[in-house]
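Written below as structure tokens is the structure these notes are about.
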There are 2 protein chains.
Amino acid sequence: MKRTLIIETIRKVGQAVTVKGWVNARRDMGKIVFVDLRDRSGLAQIVLVPSELDARSDELLDGLRPEFVLEIKGIVNERGEKQRNPNLATGNIEILAKEIKILARAETLPYELDSELNIEAYLDNLPFNLRAEKQRAIFKVQAALIEGFRKILLKKNFVEFACPKIVAGATEGGANVFKIDYFGHQAYLAQSPQFYKQIMVGVYERVFSIGNVYRAEEHDTSRHINEYTSLDFEMGFIKDHREVMKMVDAVARAMMLEVEKKCGAELKLLQATLPAMPKKLPTLKLRQAQKILEEQFGEKDCSKEPDLEPHQERLIGEYAKRQFNSDFIFITHYPVEKRPMYTFEDPKDKGFTRSFDLLFRGAEIVTGGQRIHEYEKLKSNMIKFGLNPDNFQFYLQAFKYGMPPEGGIGMGLERVTWQLLGLDNIKRATLFPRDKSRIDEPLNKQDERDKR
Amino acid sequence: MKRTLIIETIRKVGQAVTVKGWVNARRDMGKIVFVDLRDRSGLAQIVLVPSELDARSDELLDGLRPEFVLEIKGIVNERGEKQRNPNLATGNIEILAKEIKILARAETLPYELDSELNIEAYLDNLPFNLRAEKQRAIFKVQAALIEGFRKILLKKNFVEFACPKIVAGATEGGANVFKIDYFGHQAYLAQSPQFYKQIMVGVYERVFSIGNVYRAEEHDTSRHINEYTSLDFEMGFIKDHREVMKMVDAVARAMMLEVEKKCGAELKLLQATLPAMPKKLPTLKLRQAQKILEEQFGEKDCSKEPDLEPHQERLIGEYAKRQFNSDFIFITHYPVEKRPMYTFEDPKDKGFTRSFDLLFRGAEIVTGGQRIHEYEKLKSNMIKFGLNPDNFQFYLQAFKYGMPPEGGIGMGLERVTWQLLGLDNIKRATLFPRDKSRIDEPLNKQDERDKR
């Protein structure tokens, strides 16, 4: 008999069905056993009464434990009024089992699924813990965010491209890069698709890419991960950075809309709310934001600082909420020396760039801006930043042969997920997080094994 | 004035428009200059007559060269009947320029765009060469292939996930891995998302992921690249590998359908045709294929070989075309020792696995199969393959706590593109190919620079 997904059983009262899934929980009530069976669509209560089961199934009954994978043939029955469970999508029905088949056994669990765990304990048993309702909800939301990003950009004529992650040089001349032994040569893991997406503007005008990026940050905090997913787009023929910001606005809205459409139940479970987004997202210049911090939040004078501190971003997030009823706010015009060498200086505001960050609930989730598109200007800016244009010949080709005014952004998928869902640690918004001391397992555990 | 995309000008005859794009070509006819302007939507002929231009624009006229980026205000005129160009979407119109603005200059080109180049010359000037009509078509098709893959899987309830590429061990115990210095520990670049997608079956039953994978292959041939894009899916609650093959069938069809819908012009330009796909893709067991090779193609006895040679795959491709009018054919039942340790042995065909490759026009584009889902069986198989289960504790957790029968595949995006378009070298189907001697630029060039 064809498998019925659990959520579909609610429309099959009185009918025989075959359901398949994991034992989420088992409750014994005398001779009757209740099992919550979990599949990708939801949970249903299975009633196992020895007298209703065939002889072979009856024998299996005692051994059934959580996470056993079962195939169950049974009848969908309406529950009595007092037995209904309004918190469950299938709370009005239960399935009276006639036949059980064990598709896979499970060892005794280390603890109940859905237990509250500190981050290390959570990561130690990640393949198991990811099955918990909360975790499944988090990464469903994440999948919807990816889909929302992609949908709107395809609609707006962006072309997706596959970006390499092995690079010959450190993209932005910087530290914090992982080194690779590439056939005896030194290579690196890309910190961003920056150069490639700019090159691709010369090809398709509008491009996007979704992929892994790397930061060899020594910090191991609730805000850091060493490998993350970057959502990038880049667009040509812009007037200035504001056209990029307008696109970011549309993209952020589309991402949230996708979550709203697909993940209502998940948001409820995670007690998360969709962000407040006024018709146009508010924006402040860095220097304005710093003045507000001083005047309204009693921060000491920071008007010479090139960036906001994390706690200042949080305060500006509060300000945006209070002042504009917005969970998002753009900060623009970071100083030239704080941004990468390809950043476009604002001719009307010398010393400051046509760059921006987007804060979401007080944390930066997007960095972007207009880029320098003129070949000679870009070369001379490299020199100004202490870089040798000879090392960037490949990248520079795109500008040597005519590049329109252009700009773009990178968005950290895990950061958006983290902020949207209000999680305590970004590692809980990262499916398989890598940090300084862990790749799946703690690295010292692996080192010890290697020694043996 | 708002920008009009070039393709939209055909519906604006008699109207004033602003178009923006690159000078694709320039032709001087006495005092009149014709420029083919290129934007992301197409090409249009711009007519530059000194008497029609304002004074400032007239001055710029002499200097205009290919790849200059222009903004042109002008009037869309219908061409005279003899001037029409049936090979161009905008062949019935031309734009009489009134005002030119140079958005960016370009250096003199190394050679004409769209020149025929050998692979090294092509790669040396890649950022420039990608702008050629043919290259733009190739990677448009590639974007459609990605989109088709994703669309069908989302429709079939698969959940997309972000897969890490830094791994602690070599996934399949093998050679050909790139090493990373990970904070003083040894780590590797993933050869496939295999373990993670299997773990994710325990979470969502059906998952897919699109991402970069790595092979440190020493070979540098027209068939090898060292970093490529892997399209992966994995699904639980299958009966056997044939259910996975059925999904592959649906996915391949959806990918080709997306290309058909989006890339008609590109296929025509590349002189590529969509593949022949009978209602159900044909399938042969490896041993059957080997018998056919011997009997119908005069190959010497290969019935003991664990795999097909590349030239044998091509012959089987011919056979599939002739016998089944199919550009695709599955080969199943590779011997146990040829496939990874997690491959499911066929109980009805001992020594052979429930695994398959999918050949597309005589080249393997997909590898997949049913996996071992039982914890004890998987552990003992590791030992049989000379591996220590202790080194796979993280992966094994997914099986320890109940894994349904499952299977899946990996598909090489660049290989599909290569075969679909009949390109001579897979590097022409790879946006920024990495090979043994090149990361963007030749590695020896970079090494010399580092020495200085």
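The values are calculated or read from the model by the stated rules, or taken from the named source; none is laboratory data. This is a predicted model, so every value here is computed, not measured. Ideal geometry is used to build each Cβ from the backbone, glycine not excepted, and the neighbour counts take in all protein chains shown. In case anyone asks, the SASA skips ligands and DNA or RNA and just uses the protein heavy atoms, side chains included. Shrake-Rupley method; radii C 1.70, N 1.55, O 1.52, S 1.80 Å.
What about B:Gln271, is it at positive phi and either assigned to a loop (DSSP other than H, G, I, E, B) or out of contact with any strand residue (DSSP E or B) (no Cβ under 6 Å at 6 or more places or on another chain) (or both)? Steps first, answer last, please.
Values: at positive phi: yes; either assigned to a loop (DSSP other than H, G, I, E, B) or out of contact with any strand residue (DSSP E or B) (no Cβ under 6 Å at 6 or more places or on another chain) (or both): yes.
Yes.
Here's the yes/no breakdown for (1) farther than 20 Å from A:Leu117 by Cα; (2) among the acidic types (Asp, Glu); (3) outside any helix (DSSP H, G or I):
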| residue | (1), (2), (3) |
| --- | --- |
| A:Gly369 | yes, no, yes |
| A:His373 | yes, no, yes |
| A:Glu376 | yes, yes, no |
| A:Leu423 | no, no, yes |
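Listed here are the residues, each with its yes/no results for (1) farther than 27 Å from A:Val203 by Cβ; (2) in contact with a strand residue (DSSP E or B) (Cβ under 6 Å, 6 or more places away or on another chain); (3) touching a residue at least 60 places away in the same chain (Cβ under 8 Å).
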{"site": "B:Arg11", "(1), (2), (3)": "no, no, no"}
{"site": "B:Gly30", "(1), (2), (3)": "yes, no, no"}
{"site": "B:Asp36", "(1), (2), (3)": "no, yes, no"}
{"site": "B:Val47", "(1), (2), (3)": "no, yes, no"}
{"site": "B:Glu59", "(1), (2), (3)": "yes, no, no"}
{"site": "B:Gly63", "(1), (2), (3)": "no, no, no"}
{"site": "B:Lys73", "(1), (2), (3)": "no, yes, yes"}
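Taking the condition assigned to a helix (DSSP H, G or I) and of a type outside the set (A, V, I, L, M), does A:Phe432 pass?
Values: assigned to a helix (DSSP H, G or I): no; of a type outside the set (A, V, I, L, M): yes.
Considered against the rule, which asks whether it is assigned to a helix (DSSP H, G or I) and of a type outside the set (A, V, I, L, M), A:Phe432 comes out as no.
Only one of A:Glu71, A:Glu147, A:Glu112 is modelled with pLDDT under 95 and of a type in the set (Asp, Glu); which? Give the derivation first.
Values: A:Glu71 fails: modelled with pLDDT under 95; A:Glu147 fails: modelled with pLDDT under 95.
Criteria check complete, one pass: A:Glu112.
Filter segment A:258-307 for residues that are at pLDDT below 95 and among the polar types (S, T, N, Q) and give the result.
Answer for segment A:258-307, where residues must be at pLDDT below 95 and among the polar types (S, T, N, Q): just A:Ser303.
Select from segment A:1-20 the residues that are under 11 Å from A:Ile95 (Cβ atoms) and not β-branched (Val, Ile, Thr) and list them in ascending order.
A:Lys12, A:Gln15, A:Ala16
Hey, can you tell me all the residues within segment A:185-230 that are assigned to a loop (DSSP other than H, G, I, E, B), more than 9 Å from chain B (Cβ to nearest Cβ) and either touching a residue at least 40 places away in the same chain (Cβ under 8 Å) or surrounded by fewer than 23 Cβ atoms within 10 Å (Cβ to Cβ) (or both)? Spell out how you get there, then give the answer.
From segment A:185-230, those assigned to a loop (DSSP other than H, G, I, E, B) are A:190-193, A:205, A:215-226; that's our starting set.
Right, trim to more than 9 Å from chain B (Cβ to nearest Cβ) and you get A:190-193, A:215, A:217, A:219-225.
Correct list: A:Gln191, A:Ser192, A:Pro193, A:Arg215, A:Glu217, A:His219, A:Asp220, A:Thr221, A:Ser222, A:Arg223, A:His224, A:Ile225.
Quickly run through segment B:306-315 and pick out the residues that are out of contact with any Gly (no Cβ under 7 Å at 6 or more places or on another chain) and open to solvent by less than 90 Å² (accessible area, probe 1.4 Å). Spell out the reasoning first.
So the first thing to find is which residues in segment B:306-315 are out of contact with any Gly (no Cβ under 7 Å at 6 or more places or on another chain), and the list is B:306-312, B:315.
Matches in segment B:306-315: B:Pro306, B:Asp307, B:Leu308, B:Pro310, B:His311, B:Gln312, B:Leu315.
Consider segment A:11-42. How many of its residues are within 14 Å of chain B (Cβ to nearest Cβ) and hydrophobic (A, V, I, L, M, F, W, C)?
6
Restricting to segment B:49-71, name every residue that is under 40 Å from the mean Cα position of the chain (by Cα) and open to solvent by less than 40 Å² (accessible area, probe 1.4 Å).
Initially, segment B:49-71 is screened for residues under 40 Å from the mean Cα position of the chain (by Cα), giving B:63-71.
B:Gly63, B:Leu64, B:Glu67, B:Phe68, B:Val69, B:Leu70, B:Glu71, listed by residue number.
Just give me the residues in segment A:382-405 being more than 14 Å from every other protein chain (Cβ to nearest Cβ) and open to solvent by 10 Å² or more (accessible area, probe 1.4 Å), in sequence order. Don't jump to the end; show me each part of the working.
Here is the first cut: in segment A:382-405, the residues more than 14 Å from every other protein chain (Cβ to nearest Cβ) are A:382-386.
Those that are more than 14 Å from every other protein chain (Cβ to nearest Cβ) and open to solvent by 10 Å² or more (accessible area, probe 1.4 Å): A:Ile383, A:Lys384, A:Phe385, A:Gly386.
Looking only at segment A:412-452, count every residue that is more than 11 Å from chain B (Cβ to nearest Cβ), acidic (Asp, Glu) and surrounded by 18 or more Cβ atoms within 10 Å (Cβ to Cβ) and tell me the total.
Final tally of qualifying residues: 0.
Before we move on, is A:Ile119 within 7 Å of another protein chain (Cβ to nearest Cβ) and in contact (Cβ under 8 Å) with a residue 40 or more places away in the chain? Working first, answer last.
Details: within 7 Å of another protein chain (Cβ to nearest Cβ): no; in contact (Cβ under 8 Å) with a residue 40 or more places away in the chain: yes.
It is false that A:Ile119 is within 7 Å of another protein chain (Cβ to nearest Cβ) and in contact (Cβ under 8 Å) with a residue 40 or more places away in the chain.
Can you find even one residue in segment A:158-167 that is more than 7 Å from every other protein chain (Cβ to nearest Cβ) and either in contact with a His (Cβ under 8 Å, 6 or more places away or on another chain) or within 30 Å of B:Met1 (Cβ to Cβ) (or both)?
Taking segment A:158-167 and keeping what is more than 7 Å from every other protein chain (Cβ to nearest Cβ), we get A:158, A:163.
Filter once more, so that each one left must be either in contact with a His (Cβ under 8 Å, 6 or more places away or on another chain) or within 30 Å of B:Met1 (Cβ to Cβ) (or both): A:158.
Yes, segment A:158-167 contains at least one residue that is more than 7 Å from every other protein chain (Cβ to nearest Cβ) and either in contact with a His (Cβ under 8 Å, 6 or more places away or on another chain) or within 30 Å of B:Met1 (Cβ to Cβ) (or both).
Provide a single number: the residues in segment B:354-381 that are more than 15 Å from B:Gln194 (Cα to Cα) and more than 14 Å from every other protein chain (Cβ to nearest Cβ).
Our first condition is that a residue be more than 15 Å from B:Gln194 (Cα to Cα); within segment B:354-381, this holds for B:354, B:356-365, B:374-377, B:379-381.
Keeping just the survivors that are more than 14 Å from every other protein chain (Cβ to nearest Cβ) gives B:354, B:356-365, B:380-381.
So the count comes out to 13.
Please find, among B:Leu109, B:Leu126, B:Leu154, the residue that is open to solvent by less than 30 Å² (accessible area, probe 1.4 Å), of a type in the set (A, V, I, L, M) and within 11 Å of chain A (Cβ to nearest Cβ). Give the steps one after another, and end with the answer.
Numbers: B:Leu109 fails: open to solvent by less than 30 Å² (accessible area, probe 1.4 Å); B:Leu154 fails: open to solvent by less than 30 Å² (accessible area, probe 1.4 Å).
Matching residue, one of B:Leu109, B:Leu126, B:Leu154: B:Leu126.
Quick check on B:Lys445: is it within 30 Å of A:Asp124 (Cβ to Cβ) and either touching a Ser or Thr at 6+ places or on another chain (Cβ under 6 Å) or of a type in the set (Lys, Arg) (or both)? It would help to see each step written out before you state the result.
On the way: within 30 Å of A:Asp124 (Cβ to Cβ): no; either touching a Ser or Thr at 6+ places or on another chain (Cβ under 6 Å) or of a type in the set (Lys, Arg) (or both): yes.
Judged against the criteria, B:Lys445 is not a match.
Taking the stated definitions as given, is A:Phe139 outside any loop (DSSP other than H, G, I, E, B) and more than 8 Å from every other protein chain (Cβ to nearest Cβ)? Please lay out each step first, then the result.
Details: outside any loop (DSSP other than H, G, I, E, B): yes; more than 8 Å from every other protein chain (Cβ to nearest Cβ): no.
So A:Phe139 does not fit the description; no.
Report yes if some residue within segment B:41-49 is in contact with a Lys or Arg (Cβ under 6 Å, 6 or more places away or on another chain) and farther than 24 Å from B:Ala265 by Cα; otherwise report no. Give the steps one after another, and end with the answer.
Just the residues of segment B:41-49 that are in contact with a Lys or Arg (Cβ under 6 Å, 6 or more places away or on another chain), to begin with: none.
No, segment B:41-49 contains no residue that is in contact with a Lys or Arg (Cβ under 6 Å, 6 or more places away or on another chain) and farther than 24 Å from B:Ala265 by Cα.
So how many residues does segment B:23-68 have that are hydroxyl-bearing (Ser, Thr, Tyr) and modelled with pLDDT under 95?
Within segment B:23-68, the subset hydroxyl-bearing (Ser, Thr, Tyr) is B:41, B:51, B:57.
Pick out the ones that are also modelled with pLDDT under 95 and you get B:51, B:57.
Of the residues in that region, 2 qualify.
Within segment B:347-381, track down each residue that is within 19 Å of B:Met247 (Cβ to Cβ) and either surrounded by fewer than 21 Cβ atoms within 10 Å (Cβ to Cβ) or not assigned by TED's automatic domain parsing to the domain that holds B:Leu293 (or both).
Residues satisfying the conditions are B:Glu364, B:Thr367.
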